[in-house]
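Report on one structure; see the data block that follows.
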Amino acid sequence: MKQGIKHFLANRMVKRHRSRDLPVEELEKKHRQPDVEGFNDSSYFAGWQKDGLSFVTRLAFRTGKHNENWLKIHIPGEGVWGFEDRPMEEGEGLRQGPLAYVCQAPGNRWSIEYKGLVFQGKKEEEILLELSWEKLGPVIDFDKSGTMYENTALQIAGQPWNKEFFRKLRELQKVHYEQAGRITGKILWKGKEFPFDGHGIRDHSFGKRSWDGWERHIWYLGILEDGRYFNNSVIDFDFIPNLKAGYFGDANGITTVASLPDLSEILPQEPLPTEVEYTLRLRPGEAEKRMKVRMKAFFPFTMDGVYHIRQALADFSLDGVPGMGIAEMGINLKTHDLDISY
């Protein structure tokens, strides 16, 4: 098939997803599809404040495999405590055992609750989280904003088309949205109450997902001191490379990033560096800006024994404007020799 025809058809494919329009009340629900092998409904919250007190947490409900859960907390002077994939009973809504995310008002307010054990090596302690999340900006649905559709179409058109390629391509059909917010509340740790008043990002996606087919990715999320919030993401799957997404949001609305480098430019040497610099263009025709990322507290996870994710509390700087957030990178352990001990 001629490349021009493939590009035309690939554009038609990606534009179909832009017509999907789910109301926020439907987006915010837990979605289960027991007849779809590999279906994954994943919700995520991250929060931080300037003194370094920070957390990441995730609940995922899966078809055909065990449910996933994360909770890791960086307590200044105490290090990182938490857990992943503990056997916890699924409850109503977004709940596994004592870890729950409760929607108070769709697209506006959530609560994050946990009372139980967290771990650091062989040590264990009990912790209480009572946190409230309130929006700073709108729900950003990647069917509408954030996805760099022209890049996606080019990457699809550049691959060999066969039955297996289109089977794997279904993983790209997930619903995915994010939102910036303010987080307040308290964390009770070793009998001491830590008030929490900071910022955060949340994420919810649902659709097919196979960690085995992920090769590498970055997912950088943050809020700058001038009030802007952002996402910069690039992922290589084993069947298609350099899929890109990104946005910047402020009081004037959401802008999809015009350009991002390939992963080979962002991560040219180390697979999981602790400092990164790259250039991006926010809008077509504008000058490039420089993003600097410095990671300083680490939250590692290994997915199904094959894909390693390392999240990090990070300082960001966009052309000198500072901010904080989460810098996530991932790498496939079957295809990359990597020491993941921390």
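The values are calculated or read from the model by the stated rules, or taken from the named source; none is laboratory data. Everything numeric in this text was worked out from a predicted model, so none of it was measured. Cβ: placed from backbone, ideal geometry, glycine included. Neighbour counts: every protein chain shown. Side chains are part of the model used for accessible areas, which takes the heavy atoms of the whole protein and leaves out ligands, DNA and RNA. Shrake-Rupley method; radii C 1.70, N 1.55, O 1.52, S 1.80 Å.
Okay, here's what the table says:
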read-out	value
Complete set of residues in the range 230-245 that are among the polar types (S, T, N, Q), in contact (Cβ under 8 Å) with a residue 40 or more places away in the chain and in a strand (DSSP E or B)	N231, N232
Elements of type strands (runs of 3 or more DSSP E) contained in the range 1-76, each with 1 or more residues being of a type in the set (V, I, T)	54-62, 68-75
Members of the range 325-342 that are open to solvent by 10 Å² or more (accessible area, probe 1.4 Å), closer than 12 Å to A297 by Cα and either of a type in the set (K, R) or modelled with pLDDT of 95 or more (or both)	E328
Cβ-Cβ under 9 Å pairs, at least 6 apart or on other chains, the range 183-197 side touching a residue at least 60 places away in the same chain (Cβ under 8 Å), far side open to solvent by less than 90 Å² (accessible area, probe 1.4 Å) and not in a strand (DSSP E or B)	I183/Q49; I187/L53; W189/E78; K190/E78; F194/L53; F196/Q49; F196/L53; D197/Q49
Scope the range 119-166; condition at pLDDT 95 or above, part of a strand (DSSP E or B) and not charged (D, E, K, R); matching residues	F119, Q120, I127, L128, L129, L131, S132, W133, I140
Whichever residue in the range 294-342 is in contact with a Leu (Cβ under 8 Å, 6 or more places away or on another chain) and among the hydroxyl-bearing types (S, T, Y) and, among such residues, is farthest from T57 (Cα to Cα)	Y307
Filter pass, A251 being open to solvent by 40 Å² or more (accessible area, probe 1.4 Å) and out of contact with any helix residue (DSSP H, G or I) (no Cβ under 6 Å at 6 or more places or on another chain)	yes
Close pairs from the range 282-300: first more than 21 Å from L313 (Cβ to Cβ) and open to solvent by less than 80 Å² (accessible area, probe 1.4 Å), partner modelled with pLDDT of 95 or more and not small (G, A, S), Cβ under 7 Å, at least 6 apart	L282/F248; L282/T255; L282/V257; L282/K289; K289/T279; K289/L280; K289/L318; K289/D319
Residue among G52, G91, G79 that alone is at positive phi and open to solvent by 20 Å² or more (accessible area, probe 1.4 Å)	G79
Test for S19: is it modelled with pLDDT of 95 or more and polar (S, T, N, Q)	no
